[in-house]
Structures are given as C-alpha cells and as structure tokens.
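Since the structure comes first, as structure tokens, the remarks are kept for the end.
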Amino acid sequence: MSVSIRLGIAGGAGWLGGAIAGAALAAGVVRAEDLALSYRSAKPDRFPGAFWTDDNQALAERSDVIMLSVRSQDWPSLELDAKGKLVISVMAGIRLAEISEKHGTRRVVRTLPNAAAEVAKSYTPWIASSDPIEDDRAIVRAIFDACGVEDEVGSERDIYYLTGLTGSGPAFPALLADAMVRDAVAFGLAPEVARRAVNTVLIGTGRLLELNDAPPADTVEAFLGYRGTTSAAIETMCEAGFDEAVSKGLAAAFLKSIAMGKA
C-alpha cells in the first residue's frame, strides 16, 4: 500500500499485537503517528510517536482500522464500538458474526497469525465477512504480508483447522526437535552439542523449503530413494505411527479451536 492507514490495536501491549505493530511499522504500512495501541496495566515503552491508551473506545475513535488482539476468554468484556469501521480479529475461535454483532460493524475480517510474526515469517490465513470492500482486503493483505505470508481462505471451518495447523507456529517443529535432542543426550552427546546439531538442522530445513518452495513430500521421497540411514529412520518412524499421531493431534486442535469459540 502506498498510503499509511490509521491503525488501532486493542491489546497492542501484548506479544502478538506488538509483533504485528512492529512489522507494520517496519514495512511502512502504518506510521507511528497513525498507530494507536491499548494496554491493561502499565504503559509500554516502545514505538515512539505512537498513541498509547488504556481506553479502548478512545483507540477506536482515532482509528480507521481496528485490530482485536486480546485473549479469546477476555473478549466478552472488551467494550469497543467500531460502527462502520474495518475490524480485524487475530483471536482464536471467535466467529465473524459474533464480532460483527458485538462491535457494531459488518466490515469484519478474521485472521490467525502465529508466533513467527515477530520475525516477519508468520503464515496468516484469513477470511472476510460479506461486507468488506476490496480496499479492506488490500489493507489486510498489506498488514499480514508485512508479517510474513497470508492467504484468504474459503470458510471459517478452514480457519478452525488452520488454528491448529499453522497457528501453532514453531510448536510442532519444536516438539520434533525436543524429541531428537533428548534422544541424542540419552545416547551420550553433550546437551549443548545435541541442541546445536538439531537447531541447525531445523534452521537449514526452513531455509531450503523457503528457497525451493517444493512440496515437503518431494524431500522425503528423495531421501527414501537413497536407501541409507535417513530412509531407515523415516520408514521406522512411519511404521511406529508418525502420520497417525500427527493426524490425531491436528484433529484434537481442530476440535479445541471450535470449543474455544463456544466457551
């Protein structure tokens, strides 16, 4: 976008709201003087030139675009009239219709960025209500392109699923890494060596996937084709139920995402 927007982030003192604000500032999507952020207790000392407040309605009144970045369980107590304005939610589990009704606007977008927004590497799926115009979609794309990669998806069901798949951010790779580190330490490697070895493997993998943009299955098949140590490990992991464990985990996350919105 060539024009800065007036962006207000309710919950901007939190980790995710702050990460998105920092990415949007760095990309020039918003200027500091057009950025408003709210906090609950202590006023943060960051984003010089931005407007900080503990009054969410004051934030709404000076913003054209309002982002809701509070915990899902705290959202029912959030008092904010956004009549006619674009509201972007980064909350898990809260449906478009609920956001629209509570905040008095039909221009609502539901998104789900992840922890990598802090380093501009988030994957952010999003869906818009029927009323946002193309300019609203351009704003959403600009904000979340600044945070990494974004995709408009076809249904809220997709958002519920992706809450578990991509909303996890580094959690699933970290789970694999932790298992590998613990096995290496049990084998007898020094913990710092095990950690460095595993972290470097994961970092290198991410860089290669980003550079090549190829299906992960192609990498798996290539290593299976060598019939070496890696193929022996992959086959044994799969026989032990690796795919089934992942599928069950994602199914549990999907159901939990739906339940969060009903709580």
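Being in contact with a Phe, Trp or Tyr (Cβ under 9 Å, 6 or more places away or on another chain) and farther than 23 Å from residue 71 by Cβ is the filter here; which residues of the stretch 5-33 pass it?
25, 32, 33
Just to verify a result, which residue in the stretch 177-196, among those that are of a type in the set (A, V, I, L, M, F, W, C) and surrounded by 14 or more Cβ atoms within 10 Å (Cβ to Cβ), is nearest to the chain's Cα centre (by Cα)?
If we filter the stretch 177-196 for residues that are of a type in the set (A, V, I, L, M, F, W, C), which is where we start, we get 177, 179-181, 184-187, 189-190, 193-194.
After this cut, where a residue has to be surrounded by 14 or more Cβ atoms within 10 Å (Cβ to Cβ) as well, the list is 177, 180-181, 184-185, 189, 194.
Numbers: 177: 20, 180: 25, 181: 26, 184: 31, 185: 32, 189: 34, 194: 29 Å.
Filtering the stretch 177-196 for residues that are of a type in the set (A, V, I, L, M, F, W, C) and surrounded by 14 or more Cβ atoms within 10 Å (Cβ to Cβ), the one nearest to the chain's Cα centre (by Cα) comes out as 177.
Pairs needed: first member in the stretch 241-263, open to solvent by less than 60 Å² (accessible area, probe 1.4 Å); second member anywhere, in a helix (DSSP H, G or I) and not hydroxyl-bearing (Ser, Thr, Tyr); C-beta distance under 7 Å; at least 6 residues apart or different chains.
250/164; 250/165; 253/164; 254/164; 257/164
Pairs only if they're at least six apart or on different chains, beta carbon under 7 angstrom, first in the stretch 82-96 and within 16 Å of residue 66 (Cα to Cα) and without any contact (Cβ under 8 Å) to a residue 60 or more places away in the chain, second open to solvent by less than 20 Å² (accessible area, probe 1.4 Å) and among the basic types (Lys, Arg); list them, first residue then second.
Listed by first residue and then by second, the contacts come to 89/110.
Working only within the stretch 59-74, note down all residues that are among the hydrophobic types (A, V, I, L, M, F, W, C) and either touching an Asp or Glu at 6+ places or on another chain (Cβ under 9 Å) or at positive phi (or both).
First, pick out the residues of the stretch 59-74 that are among the hydrophobic types (A, V, I, L, M, F, W, C): 59-60, 65-68, 70.
Result: 60, 65.
Out of the stretch 108-121, which residues are surrounded by 20 or more Cβ atoms within 10 Å (Cβ to Cβ) and either touching a residue at least 60 places away in the same chain (Cβ under 8 Å) or part of a loop (DSSP other than H, G, I, E, B) (or both)?
Hits for the stretch 108-121 are 112, 113, 114, 117.
If you scan the stretch 206-234, which residues turn out to be open to solvent by less than 70 Å² (accessible area, probe 1.4 Å) and part of a helix (DSSP H, G or I)?
Selection gives 206, 217, 219, 220, 222, 224, 225, 230, 231, 232, 233, 234.
Considering (1) within 20 Å of residue 144 (Cβ to Cβ); (2) open to solvent by 10 Å² or more (accessible area, probe 1.4 Å); (3) without any contact (Cβ under 8 Å) to a residue 60 or more places away in the chain, say which one residue 69 fails and leave the rest.
(3)
Given the conditions (1) under 17 Å from the mean Cα position of the chain (by Cα); (2) open to solvent by less than 40 Å² (accessible area, probe 1.4 Å), and given that residue 157 satisfies all but one, which numbered condition is not satisfied?
The one condition residue 157 does not meet is (2).
Would you mind stating whether residue 131 is assigned to a helix (DSSP H, G or I), free of Cβ contacts under 8 Å to residues at least 40 places away in the same chain and over 22 Å from residue 168 (Cβ atoms)? Break it down stepwise before answering.
Details: assigned to a helix (DSSP H, G or I): no; free of Cβ contacts under 8 Å to residues at least 40 places away in the same chain: yes; over 22 Å from residue 168 (Cβ atoms): yes.
So residue 131 does not fit the description; no.
Is there a residue being touching a strand residue (DSSP E or B) at 6+ places or on another chain (Cβ under 8 Å), closer than 19 Å to residue 89 by Cβ and crowded, with 23+ Cβ neighbours inside 10 Å anywhere in the stretch 38-56?
So far as the stretch 38-56 goes, yes, one or more of its residues are touching a strand residue (DSSP E or B) at 6+ places or on another chain (Cβ under 8 Å), closer than 19 Å to residue 89 by Cβ and crowded, with 23+ Cβ neighbours inside 10 Å.
The values are calculated or read from the model by the stated rules, or taken from the named source; none is laboratory data. All figures in this text were calculated on a predicted structure; none of them were measured in a lab. All Cβ positions, glycine included, derive from the backbone under ideal geometry; neighbour counts span all protein chains shown. The protein model used for the area step is the full one, side chains on, heavy atoms only, and it has no ligands, DNA or RNA in it. Shrake-Rupley method; radii C 1.70, N 1.55, O 1.52, S 1.80 Å.
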